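Data first, discussion second: the structure below is written as structure tokens.
The values are calculated or read from the model by the stated rules, or taken from the named source; none is laboratory data. No experiment lies behind these values; they were computed from the predicted model shown. Cβ coordinates were reconstructed from backbone atoms using ideal geometry, including for glycine residues, and neighbour counts include every protein chain displayed.
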Ligand SMILES: [Zn+2]
Ligand SMILES: [Zn+2]
């Protein structure tokens, strides 16, 4: 099993498009389990199924296809102190890995991948009130949620009571509200994004 820098458990996460049933990879033609797209690019030629080997091996990059969208503007702002050339190189490398060598994150809305401390965060999994209470050092999941929610998601206020009672599993229908837990690869702080159906 491949490991991914920005996606912790893509084979078990409810927010992953990992599909165990065997089918043909649209890139290499091998039969096996796969990640479901859409994988989009300028010449969108209908790539829907990509095996883990092709994804981890950078085959999407070669085709100009993306599985995810990064919050590039926030990343660039965080790297403002670097000389421009170095900054753009770093942004390019990290964004390429996120977009073309990271399993697709399945969300309700287009939710650009959060950045912290100059890199994209690692997606840990979907979460709910129960998990947030457990994660909060003082057991107060509500305070934890509001403290760690991503800057872009602060404007649209949501009450803690509207969050799912617990994280969905792969076998369940998703909740109407999705709460996605990330962690900064540098400072370790948790970062939360949420969206709704
Ligand atoms: Zn393949
Ligand atoms: Zn950080």
Selection from region 37-54 of residues in a helix (DSSP H, G or I) and touching a residue at least 40 places away in the same chain (Cβ under 8 Å) yields 52, 53
Within region 25-36, how many residues turn out to be exposed (fewer than 12 other Cβ atoms within 10 Å of the Cβ) and either part of a loop (DSSP other than H, G, I, E, B) or at positive phi (or both)? 1
Hey, among 52, 36, 22, 42, which residue is within 15 Å of ligand 1 (Cβ to nearest atom), over 21 Å from residue 126 (Cβ atoms) and assigned by TED's automatic domain parsing to the domain that holds residue 94? 22
Tell me, which residue of region 123-141 that is closer than 22 Å to residue 186 by Cβ and surrounded by fewer than 18 Cβ atoms within 10 Å (Cβ to Cβ) is nearest to the chain's Cα centre (by Cα)? 135
Among the residues of region 55-89, how many are more than 16 Å from ligand 1 (Cβ to nearest atom), surrounded by 12 or more Cβ atoms within 10 Å (Cβ to Cβ) and assigned to a loop (DSSP other than H, G, I, E, B)? 6
